[in-house]
Amino acid sequence: MGFISYSVKFFSQKLDLYESRYNGDAPRSVVHEAKVLLKLLDDIRDEGYENSYMRISAQCDAVNRLKNFILSNNDVPFALEKYTISPDITYGTDEYDLATYISLIEQKMVTPGAKLSTVPEIFYDILEYSKDIFRSFRYSTAYCFLLRDTLLPYLAFRKWQNSGYSNVYPLFISRKYFSFFENEDGYIYSEIQNVIFEALENNVENFGQLKEYVKTALNKELAPFCDLFDSLKRLLDKISQEKVLIIESGYIGTIPLLLSALDDRVDFRLFTTIPYFYEVYNGKFFTDQFEKVRLFETIQCQDALFKFSSVSVKNADVAVVEATDKKVLDRAHAELRTWNDLINRFGDI
């Protein structure tokens with residue numbers, strides 16, 4: 001049971017429910033869920049997974065049925081919105097260790113220069129997400145931000161940390177990180193996701209059961225990837241706090257869930273997720289407005305300004321390279337300065 005097969009089952013069940021129970025009188029929450037499912041398909045396609053989009057849609061006529069349901073309830077699908085400037089960004093060859101590069105970003109953020117003409121609405125959402133986590137700050141917890149998607153929340157925490165708080169860490173764990181431990185790009189990530197959807201297929205009812213399912217798989221079907229898992233454990237071992245909270249933009253939550261299975265100290269807080277996980281991730285995501293995730297993830301300072309370059313297998317240290325595309329750099333730097341203004345003006349906790 002993988003993502004596509006589970007998606008077909010989930011979409012089919014939801015569509016049958018929508019069409020049998022409602023006749024133009026569905027509650028707003030149900031219509032929103034249908035819009036989110038359609039947006040999920042649109043995002044899958046926009047990210048280049050055309051085959052996945054076609055297979056899910058074709059097997060239950062998902063796109064047409066969702067559109068008809070949404071329109072019959074006097075609403076319209078979500079528009080496809082993102083901040084992507086170029087699909088083919090060029091990067092330099094000079095590598096920076098992650099800590100050094102983060103320091104350069106923090107310097108750029110406070111350097112006078114151009115800002116965005118208006119503050120994007122998603123910035124306010126990210127600010128509230130960040131503040132919501134920070135209000136529950138504990139000295140005994142390490143707050144770990146998965147880069148690149150949560151660079152802005154990380155920078156907000158760093159600024160608030162200057163008021164006496166600590167325990168804030170950037171973690172650059174991504175599919176690219178995984179690729180250093182595999183022969184075929186994307187293979188390990190896909191296998192981990194297969195375990196997650198197998199767990200859903202087996203009707204796990206809550207996060208505890210899902211986590212135990214993944215932990216069991218670490219010693220079974222996922223055992224061949226022990227080198228990757230050992231590397232991630234070494235990275236987590238560098239963190240001394242009693243608890244570890246992973247902050248991520250969200251969707252399936254593959255990496256946060258994996259980290260929680262590797263280390264019992266780990267919990268996580270996503271910005272959002274998809275309806276598949278509303279129950280098992282109850283209390284672990286900020287909003288059900290999944291329609292905002294593409295805006296969140298395509299902010300250029302988070303999506304394009306820098307990228308993963310290499311990792312030391314021995315100590316899990318990460319190096320990055322920076323974009324050379326002037327339009328990307330200008331936009332990203334303007335975003336950083338705008339974010340700095342925002343957290344200075346509205347960052348009171």
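Taking all protein chains as present, what is the carbon and sulfur share of the accessible area of the range 221-271, in % to the nearest whole number, probe 1.4 Å?
Carbon and sulfur: 48 percent of the exposed surface of the range 221-271.
Can you match P(r) over Cα pairs in 10 Å bins from 0, in percent to one of these, [x] 5, 21, 29, 25, 15, 6, 1, 0; [y] 5, 23, 33, 26, 11, 1; [z] 4, 17, 18, 14, 9, 7, 8, 8, 7, 4, 2, 0, 0, based on a calculation from the structure here?
[y]
Per residue, how many Å² of accessible area does the range 168-248 show with a 1.4 Å probe?
Value for the range 168-248: 49 Å² per residue.
Sorted from largest down, what three extents in whole angstroms do the Cα atoms of the range 83-226 have along their principal axes?
Projected onto its principal axes, the Cα set of the range 83-226 covers 53, 40, 28 Å.
Expressed as a rounded percentage, what relative contact order does the range 132-254 have, with Cα pairs under 8 Å and six or more residues apart?
Normalised by residue count, the contact order of the range 132-254 is 40 percent.
List the DSSP H helices in the chain whose Cα atoms stretch 18 Å or more along the helix axis and whose mean Kyte-Doolittle hydropathy is at least -0.5.
TM-like helix candidates: 3-21, 28-46, 98-110, 121-134, 187-201.
Taking the highest mean first, how do the peptides 231-244, 123-136 order by number of other beta carbon atoms within 10 angstrom per residue?
Ranked from most to least packed, the peptides come out as 123-136, 231-244.
Between PHE271 and residues 5 or more places away or on another chain, which pairs have amide H atoms under 5 Å apart, with H built 1.01 Å from N, and which residues are they?
GLU248, SER249, GLY250, PHE286
From the residues PHE225, SER72, ASN194, which one has its Cα farthest along the dipole of the chain in the positive direction, the dipole being from +1 and -1 charges on Cβ of Lys/Arg and Asp/Glu about the Cα centre?
Sorting the options by dipole projection puts first SER72.
Under the rule of -39500 (n - 2.57) per DSSP H run of 4 or more residues, summed and divided by the residues of the chain, what mean residue ellipticity at 222 nm is obtained, to the nearest 500 deg cm²/dmol?
-16000 deg cm²/dmol
Would you look at the GNM of the chain, springs on alpha carbons closer than 10 Å, and say which of ALA223, ALA62, ALA332 moves the most?
Residue with maximal mean-square fluctuation among ALA223, ALA62, ALA332: ALA223.
May I ask for the net charge around LEU104, where only other residues with Cβ less than 12 Å from the Cβ of LEU104 are counted and Lys, Arg are +1 while Asp, Glu are -1?
Local charge sum for LEU104: -3.
Can you compute 3J(HN,Hα) from phi for each residue in the range 83-97, using the Karplus curve 6.51 cos²θ - 1.76 cosθ + 1.60 with θ = phi - 60°, rounded to whole Hz and x for Gly and Pro?
9, 4, 8, 9, x, 10, 7, 9, 10, x, 9, 6, 8, 10, 5
With a cap of 15 neighbouring Cβ atoms within 10 Å, and only residues DSSP puts in a loop, list the chymotrypsin sites (Phe, Trp or Tyr not before Pro) found in the range 234-295.
Listed in order of number, the matching sites are TYR278.
Using amide H atoms built in the peptide plane, which far-off residues or other-chain residues are under 5 Å from TYR91 H to H?
Counting only residues 5 or more places away or on other chains, the set is THR324.
Take the alpha carbon atoms of the range 115-135, find their center, do the same for the range 213-242, and report the distance between the two centers in whole angstrom.
What the calculation gives is 33 Å, centre to centre.
Would you please give the FRET efficiency between SER117 and SER312, computed as 1/(1 + (r/R0)^6) with r the Cβ-Cβ distance and R0 = 51 Å, to the nearest 0.05?
That gives a FRET efficiency of 0.80.
For Cα pairs less than 8 Å apart in space and 6+ apart in sequence, what is the mean separation divided by the residue count of the chain, i.e. the relative contact order in percent?
Reported as a whole number, the value is 25 percent.
Given labels modelled 7 Å from the Cα in the Cβ direction, how far is it in nm from SER5 to LEU104?
A separation of 4.6 nm, rounded to one decimal place.
Pairs of alpha-carbon atoms within less than 8 angstrom and 6+ residues apart define the contacts here; what relative contact order does the range 1-86 have, in percent?
41
What pairs from LYS159/LYS238; LYS131/LYS238; LYS82/LYS233; LYS35/LYS284; LYS67/LYS131 go past 31 Å between their alpha carbons?
LYS82/LYS233; LYS67/LYS131
Quick one: putting +1 on the C-beta of Lys and Arg, -1 on the C-beta of Asp and Glu, what dipole do you get for the range 61-163 around its Cα centre, in Debye to the nearest 20?
Roughly 360 debye, rounded to the nearest 20.
To the nearest 20 Debye, how big is the dipole of the chain about its Cα centre, given +1 on the beta carbon of each Lys and Arg and -1 on that of each Asp and Glu?
That gives the chain a dipole magnitude of about 720 debye.
The values are calculated or read from the model by the stated rules, or taken from the named source; none is laboratory data. What you are looking at is a predicted structure, and each value in this text was computed from that prediction instead of being measured. Cβ: placed from backbone, ideal geometry, glycine included. Neighbour counts: every protein chain shown. Accessible surface is based on the protein model in full, side chains and every heavy atom, while ligands, DNA and RNA are left aside. Shrake-Rupley method; radii C 1.70, N 1.55, O 1.52, S 1.80 Å.
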